[in-house]
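What follows is calculated from the coordinates using simple rules that are stated; it is not laboratory data. The structure presented is a predicted model; accordingly, all values stated were derived computationally and were not measured. Because the Cβ atoms are built from the backbone with ideal geometry, glycine has one as well, and the counts that use them run over all protein chains shown.
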Amino acid sequence: MNNEGNSSSIYKPKDHLQIVPNVKIVKIINLITTTLKTFIKKESINTDNYDTLVLDTQGSELLIFKGAGNVINKFKFISVEVTEFELYKKACFFHQVANYLNKYNFKEIKRNEHWSQSNYYGRKSFDVLYKNLTPLP
């Protein structure tokens, strides 16, 4: 999209086009993706060096968590941007992310409303910080 890449997503825009009508699709590219778990292994990333996982992937956060498997348990905190509305077609919602992370014993500890335009007809977007309540090894 023409928003300096800030609105790029693997999903097609939906409500995004109404909320920010000046943002337009300018290019579509095909990419090969991998799971977070595979990426960490392939790149030999030592997760012990990181206590926080930060995601802002325009609606694909739940997909990333599901592909991470137990890798998310290696983090003390997870910071994620999520919405209560379908910014992109098939994008995840706040409650889906919260329910999924709760299964891994992550509990919300802080939530900030994000993006001043997100309160469009009562729809909201949040930056949410979760803490892992399971003791890390």
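Overview of results
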| read-out | value |
| --- | --- |
| Summed residue charge, Cβ within 13 Å of V54's Cβ, Lys/Arg positive, Asp/Glu negative | -4 |
| Charge tally in the Cβ shell below 15 Å around N102, where Lys, Arg are +1 and Asp, Glu are -1, N102 excluded | +3 |
| Simple spin-label estimate for K131 and L31 in nanometres, 7 Å along Cα-Cβ | 3.2 |
